[in-house]
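Single-structure report; data block below.
What follows is calculated from the coordinates using simple rules that are stated; it is not laboratory data. All values reported here derive from a predicted model rather than from experimental measurement. Note that we place each Cβ from the backbone using ideal geometry, even for glycine, and neighbour counts take in every protein chain shown.
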Ligand SMILES: [Zn+2]
């Protein structure tokens, strides 16, 4: 969610994004509860640990920062965040960046890049942590903040697998930003 220099995960190829399906399958192989039900805060920490990352609560201006100083990524999370909701989203979002975007940079909430492809892919991982659904995965179409709340406008479909093109619907997911 913030701009920060990052290095690639150890086993990564550099450059382009990895396929989302591949990363979701990888996460589930390390942490099967991901994508099964909405994760609580302690499970977000377990998810990070299962993927080899650590989470640190700090006083900081950004909501979340991903640091990859060596082979063990660190997620710095704003200690003021509402951890059970937006905090879980942010942890999963940063883990998504680490797995999906070797060598990429990313952007702070509502920066011009917030809805670009890189952020959108990380948002899918964030979303699946809170609102698991099978593929085709839900997507964040827009985000608004007001009065300490984060409103995510989410596109989802109940169509699965083959058959006609999925019909997408939208709904709003609202959560507290700060505790
Ligand atoms: Zn991001």
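What the table below lists for this structure:
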quantity: DSSP beta bridge pairing in the stretch 20-133, given as percent antiparallel to the nearest 5; calculated: 45 percent
quantity: Packing-based exposure ordering (other Cβ within 10 Å, fewest first) of 74, 171, 61, 139; calculated: 61, 171, 74, 139
quantity: Residue order, fewest to most surrounding Cβ atoms within 10 angstrom, among 137, 26; calculated: 26, 137
quantity: Least to most buried among 34, 156 (fewest other Cβ within 10 Å first); calculated: 156, 34
quantity: For the stretch 18-70, Kirkwood radius (reciprocal of mean inverse C-alpha pair distance, Å); calculated: 12.6 Å
quantity: Three-way shape call for the stretch 20-133 based on the alpha-carbon gyration tensor, with the a/c threshold at 1.5; calculated: rounded
quantity: Inter-label distance for residue 176 and residue 144, nm, one decimal - labels placed 7 Å from Cα along Cα-to-Cβ; calculated: 2.1 nm
quantity: R0 of 22 Å, Cβ-Cβ distance residue 80-residue 33: FRET efficiency to nearest 0.05; calculated: 0.25
